[in-house]
Structures are given as C-alpha cells and as structure tokens.
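Structure record follows, encoded as structure tokens.
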Amino acid sequence: MTAALEAINLSVERSKQTVLKDVTFGVAPGEVYALLGGNGAGKSTALLTFLGLLTPKSGTIRVQGRSVSDDLTAARRVTAYLPEAATLYEHLSAHENLAYFLSLAKAATDRAALDRALDRVALQPEARDKRLGSYSKGMRQKVAIALALLRDTPILLLDEPTSGLDPIAIDEFNTLVRSLADDDRAILMVTHDVYGACQVADRIGLLRKGELVGGFDRPAEGRIDTEAVHAAFAGRAVA
Amino acid sequence: MSTIFTIAAAEWRLWMRSRSALAALLAVVLIIAATSVLTAVRFTEEREERTHQQEVAEETFLSQPARHPHRMVHYGHYVFRTPPPLAIIDPGVDTVTGQSIFLEGHRQNTAMFADTRASANVGGFQSLSPAAVYQILIPLLLIALGHGVFVREREARTLAPLLAQGVSGVTLYVGKALALAGLSAALLTPLLIMSLIGVTSGEAIGVSLAVVVAYGAFMLVWSALIVLVSAVVGTRGVVLGTLVFIWLAWSLVTPRLAVASASAAAPSPGKLETDYQLLADLRELGDGHNAGDPAFDALRANLLAEYDVDSVEELPINFRGAVAQASEADLTKVMNEYAERRMALEVRQSRHVNGFGWLSPVLAVSAASRHLAGVDLETHHRFLREAEAVRFDFIEGLNKSHTQELSYTDDINRNQSPEASRRARISPENWTVLDAFRFQPATSNQRFGAAAAPISMLAVWLTSLVVAGVFATGRLKP
C-alpha cells in the first residue's frame, strides 16, 4: 500500500541550524504515527515540511505518493492541519472561524455540519457564537480540532493536539483520533505526551535533536508499552 | 476568485469589529466631509462671484460716459479667471497665482487675488483641499488600517493554518490587497460625489471621472505597497516604521527636494531684477504720451510721406493717436518677450518637479489631479496670455479711435480750451472695442494629454509594486 505520508532521508534547516537530520518514516492510511520528542527535537518542523511551509535541505517528502514540492496545492488540499497553539481569530466566534477556514479550503460550511463537529469535540453550544477572545485555551483547542475534523481529509497533521485540554477531553480526543484512523485516515501526530502517544498511536518514532533515534510498534494486542517509551524518551534503559 | 473575496471580506470584518479602526475611519471621513463641503462651498461662491465681477467690470467699462480715449486706456479693465468646476476638488495653482488682472495701457500687471479668501494661508481647513486630504491623509489611514494585514497573521501564528488550507501566498496577497482596495474605493465615494457635482456645474463627465480614477490608482499604489511591506517585513513595529518612513519620504521630503532641485536646475532671475531690466528696455522705446519723443521721428516721417503732407497738423489722422498705437505695439512686443521667457522658465521648473513623480507617486497624482482639474500652471499661463490679448485689443482699439476720431488740434488744445476738451471726447459706443472675457477651462483632450505622463507614472508604480508583491508572496513562509 502506498504510504499517505513519506519522509525519505529528510533534512531541514531553520535559521541555518539543522533541525531535522536524515529522517525517514512513513504513515499509511488507517495508521496513527506519533513523533515523540522534547522541545526543539524537530517535531513541528516535520509537520510544516509536509505542508510545504518549510523547504527540505535534502531528501524527499511525499503526500499520497506525490512530491510536495511538485504540487503543493494538491498536498494541502488533502491534508488537515491542527496547529500547536490553536491559532484562530480572536475577533471571530467559533462558527465564524470554522466557516472562514473551511471556505478557504473550499469545504462545506453549513451551520449544521459545523455544529455536528463542535458537538463531537464537546464545545458548549452557548459558547459557539461568542468571540474566541473570551475562550479558555482548551475551548480554542476544541474549535481547532473541529476544524481539522470538518476538513474531512484523508490525512491529518496534529501538532500537540491535546495541549490545553483537561484529562477527560484528552481521553475523548484520543478516542476520536482512533476512530478517525479506523476510517482509513493517515494521522501524523507530534507530541511530547508519552502517555497520550502510547494510548493512541500504532507506531511511535522517537526524535532527538532532529534525528530519529528509536521506534515502537503497537503489539497485536494492547498498546505500546508506556514504560519502555518513557525510558527511551528519557534516555535510560528499561528495568 | 471566491477565495480572494473571502480573504478580503475577512479583513473588512476585522476592521468593522475594531474600535480603533472605526475611530480612525470616522476621523478621516469627517475630515474628507468637512474639507469637501468647505471647498465646494468656497469655490462655488468664488466661481459665481468672479463671473459676477467680470460682468460688473464689463458693464462698468461700457457704461462710461464720453471721454478722451486715452483716459479709457488708463481707466482700464479687470479680467477674472473663474475656477473650473473641478476646483472644488483641487484648487491647484489658484491659491498661489492670483486670479484677476487689472488691464491698462503700457503695462502688463501681475495677477492679484480676486478675493481675500482666494489666497493661501488663511488657515484651518481653508488651505486643506480634498486633493490634499487624498494625497496626504488617506495614505496614513491606509497605513494605520492595513499595515497589519500580513504581519498580524504572522505574529498571531494564523499564517500557517491559513496556508495549510491550500491557499497560496499570492492568493492571500491579492485578497488582502483587494480588502485595502475596497476600503480605498469606499473612501473615494466623497470624491466621486464631488466630481459629479463638477459635472452638474458643466464639467465633462470623462475628465471628472478621470480625476477619481487617478486618485483610485494612487490609493491602489499605497494598498499594494502596504500589503507588500506587511508580507515581507517580520514584525509589526518595523512594518509600521517602514511605511511611515516611506510616507514621509513621498509626501513631505521628495516634494521639497523636487522644488529645490527645480530651482537649482532652472534658476529664475527674481522679480525685482527682471522688472528693472524690463523698465530699462521699455524706456528705450520712447514715451508714447509724448508725440515729440525722438523715438517716433521715423513714424512721423513715414506718415508725412505716406499722406504727402508737411506737418502732423495736416495729417488726416491724429498723430498722437498714431504714436500711442505704435508705442503700445512696441511695448507689448517687449513685454510679451519677457512674459514668455518667464513662463517658459516656470514650465521648465514645473516639468522638473513633475519628473520627481518617478520617485514619489504623491507628486505624480498631484500633477495628474491639477492637469485633469484644469488648475495647472499651463492653465494659468493661458489665462495670462488670453488676458493680455484682451488688453492689447482694447487698448489698440481705443488708440485707433484716438487716431481716427479725434482731431490733432483738439487733442493738443484740450487742456487750454473747454470747447476743444469737449470735442476731444468720443462717444461711449467706442467702448465696445472691449471684448467680453469668459475664461474657459482647457478641453478634455488637452487635459488628458497633459495628465498622460503623471498617470503613466502611477501605472508604472502600481504595476511594479503588484509584481513585487506577487513575487514576494509566491513562496510565503509563516
């Protein structure tokens, strides 16, 4: 099966610093791949490169088998992106934010569909027509997640998606991500939340200083071993 | 295309929800309204007043009783330059050149101000025309509202999600430029109303709309620049600083530089120096009031030979009138040479200043505005030439009456004999030598021709900035 997302020997520089070094991985449809790493490991850089917002120094980056540099617009059309800090417009309401971004993506913007997505992320109905300036961080994150859902694309790029969510919302979100993958979507998620990654991911890639230093696959039954990942993340052996 | 409109509409929605943006917009709209109303009222009144004064001046001249014709030469006459209808938008040189001239024999008087209000420096809104508002203040509003169109997205980190929706940087650029262009179009509404008022006052509709189009192009230049700077410069403070710097350079520094450069490139000798030189040259032509002046010996000899007589008393014409006629023609020739030299110098200086439109679109639009409104230097020069033609015609008409209708004997004895004095007067029917004067604006074609160069400059500015904007945003990064 063709991987929905592929990075082959990818190296990326930002401000003349090498942020990603010779990284290779792929994400198949129906798969959740979590890139796990600390601050500055290059996780977000990987997502931005898939979106064509950063240009690789070397290597290849493909979306649905086609080089991103060859057809940037096509790559973005099939990709929904959830940015790290729920970057939406504070002067717009949840409905208005969703309608605006979706209209740019040429996606449907009928209010019923918007409400269904907001229901899925459990955003209170009474808040939906208020401007985001009055929202908590978690509420904004829910709107951003709803936007990613509404794009209804075969590929999702999630940058620290549970940042700002309360524990219950995190659990609900992880369930949602699994259900999206079960719908044959390819999901690339970057996070430093070891527990969340193990809960939801089929595979985990461990990034350290721009290099992919380890990987974990979900066993046939159960989840990826949190303790083993945590130990690798912290740079120590598992007891 | 719908994406572009969606982006533009989003900018509009932001401005409509921003109190500071609305306050700035309201302030500028009030200034436009105030200056438009004040300038429209002022120039409509002045137009009527100068037209009325012109009629009064002609009636007064024509209603003079029987007089000696040379008294009428010095009684003189006034001509007024009525402002064209579009002076309600751009008074142009009207406030600095004077708009009325006293016409009399042997002199070319300089233009005076027809009315106290017609001069500059009366203060307040009086000197702030709609043209000045559109040239100087509107760009500041565009900067205030538009400087953040890209940099705001970058600072709020919304640029990446925007691009991630499949929107290209160029589409964002065009959409945001369209938002500013839409704002510009809305701000042009008062100008459009003023131009239509001009049409109702007799202005050609083509040239009236061309003024609006010229200012529209100028505002598009600013819109394209603002979006470009906002897209390529990293932080809001630097964007604002850069745009204010450009505004200062274009609006205040370059125009002064242009004037200083024009003065250096085509230095004018100064009025006193020129006037003294002119007087010296005129003195060499003789005194037309003195028929015995040696300067007219040749004229006397020629006339005596032509009529085959031995003395001026025997001439069938009045020799004094003939001297006045010949003297006026000679004086006028010299005065016209001086005037043409001065006007040529002024035109050189004006063209030099206009050339700076390649450095500042403010100079380009101000030149286009003056040409299209019919308030440029060339129009003032045409007024001076037409006024001089009227002066020369009626003076020479009176001199001709002096020559043909008055006997030489009565003329030279009119201060000694009451009877001779009575006979040395001619009837008021002779005053009809004065032609009616109604100063007309240049034709539309003439004004379009004059405005072609500065409008081309605006087109080049706009094209260059749009190309630069498209190039810069083609590979836009968050």
Practice task
For B:T3, indicate whether it is in a helix (DSSP H, G or I), in contact with a strand residue (DSSP E or B) (Cβ under 9 Å, 6 or more places away or on another chain) and either hydroxyl-bearing (S, T, Y) or farther than 30 Å from B:Y338 by Cβ (or both).
Solution key: no
Practice task
Quickly run through region A:27-58 and pick out the residues that are more than 15 Å from the chain's Cα centre (by Cα) and basic (K, R).
Solution key: A:K57
Practice task
Give just the number: which of (1) of a type outside the set (K, R); (2) within 14 Å of chain A (Cβ to nearest Cβ); (3) assigned to a helix (DSSP H, G or I) does B:L178 not satisfy?
Solution key: (2)
Problem - Odd one out for A:T162 among (1) assigned to a helix (DSSP H, G or I); (2) among the polar types (S, T, N, Q); (3) crowded, with 22+ Cβ neighbours inside 10 Å - result: (1)
Handout entry: region A:99-113: number of residues that are over 21 Å from A:R76 (Cα atoms) and outside any loop (DSSP other than H, G, I, E, B)
Key = 3
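Residue by residue, here is whether (1) under 30 Å from A:L104 (Cα atoms); (2) without any contact (Cβ under 8 Å) to a residue 24 or more places away in the chain; (3) in a helix (DSSP H, G or I) holds:
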residue	(1), (2), (3)
B:V167	yes, no, no
B:G182	yes, no, yes
B:M194	no, no, yes
B:V199	no, no, yes
B:V227	yes, no, yes
B:V244	no, no, yes
B:A249	no, no, yes
Practice task
Scan region B:51-87 for residues that are assigned to a helix (DSSP H, G or I), crowded, with 21+ Cβ neighbours inside 10 Å and more than 16 Å from the chain's Cα centre (by Cα) and report the count.
Solution key: 5
Exercise for the section: Kindly provide the set of residues from region B:407-435 that are under 14 Å from B:R67 (Cβ atoms) and assigned to a loop (DSSP other than H, G, I, E, B), ordered by number. Expected result: B:R414, B:A424, B:R425, B:S427, B:L434
Practice task
Would you confirm whether any residue within region B:149-164 is assigned to a helix (DSSP H, G or I), crowded, with 23+ Cβ neighbours inside 10 Å, at pLDDT below 95 and under 39 Å from the mean Cα position of the chain (by Cα)?
Solution key: yes
Exercise for the section: Output yes when any residue across region B:47-70 is at pLDDT below 85 and within 23 Å of B:V207 (Cβ to Cβ), and no when none is. Expected result: yes
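For every residue, the table says whether it meets (1) out of contact with any strand residue (DSSP E or B) (no Cβ under 6 Å at 6 or more places or on another chain); (2) of a type outside the set (F, W, Y); (3) modelled with pLDDT of 90 or more; (4) under 19 Å from A:I204 (Cα atoms).
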{"position": "A:A3", "(1), (2), (3), (4)": "no, yes, no, yes"}
{"position": "A:E6", "(1), (2), (3), (4)": "no, yes, yes, yes"}
{"position": "A:K21", "(1), (2), (3), (4)": "no, yes, yes, yes"}
{"position": "A:P29", "(1), (2), (3), (4)": "no, yes, yes, yes"}
{"position": "A:L35", "(1), (2), (3), (4)": "no, yes, yes, yes"}
{"position": "A:A41", "(1), (2), (3), (4)": "no, yes, no, yes"}
{"position": "A:P56", "(1), (2), (3), (4)": "no, yes, yes, no"}
Fill in the blank from the handout: Checking B:E340, B:E328, B:E378 in turn, the sole residue that is closer than 26 Å to B:V221 by Cβ and not small (G, A, S) turns out to be B:E378
Exercise for the section: Assess whether A:Y100 counts as being free of Cβ contacts under 8 Å to residues at least 12 places away in the same chain and among the aromatic types (F, W, Y). Expected result: yes
Exercise for the section: Have a look at B:T51, B:T97 and point out the one that is touching a residue at least 12 places away in the same chain (Cβ under 8 Å), farther than 30 Å from B:E429 by Cβ and of a type outside the set (F, W, Y). Expected result: B:T97
Exercise for the section: Find the strands (runs of 3 or more DSSP E) located wholly in region A:1-79 whose residues include 2 or more that are touching a residue at least 12 places away in the same chain (Cβ under 8 Å) and surrounded by fewer than 23 Cβ atoms within 10 Å (Cβ to Cβ), and list them. Expected result: A:5-14, A:17-27, A:58-63
Practice task
Run down B:L252, B:L331, B:L279 and say which single residue is loosely packed, with under 11 Cβ neighbours inside 10 Å, under 42 Å from the mean Cα position of the chain (by Cα) and of a type outside the set (S, T, N, Q).
Solution key: B:L279
Exercise for the section: Would you confirm whether any residue within region B:22-45 is among the small types (G, A, S), closer than 30 Å to A:A99 by Cα, in a helix (DSSP H, G or I) and within 14 Å of another protein chain (Cβ to nearest Cβ)? Expected result: no
Exercise for the section: With the condition kept exactly as written, say whether any residue in region A:96-118 is basic (K, R), out of contact with any His (no Cβ under 7 Å at 6 or more places or on another chain) and within 14 Å of chain B (Cβ to nearest Cβ). Expected result: yes
Exercise for the section: Answer yes if at least one residue in region A:207-214 is part of a helix (DSSP H, G or I), among the charged types (D, E, K, R), in contact with a Gly (Cβ under 8 Å, 6 or more places away or on another chain) and in the same structural domain as A:A28 (by TED's automatic domain parsing), and no otherwise. Expected result: no
Fill in the blank from the handout: Flagged in region A:80-98 as part of a helix (DSSP H, G or I) and surrounded by fewer than 19 Cβ atoms within 10 Å (Cβ to Cβ), in numbering order, are A:H95
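The values are calculated or read from the model by the stated rules, or taken from the named source; none is laboratory data. Remember, predicted model here, so these are calculated numbers, not experimental data. No Cβ is skipped: glycine too gets one built from the backbone with ideal geometry, and neighbour counts run over all protein chains shown.
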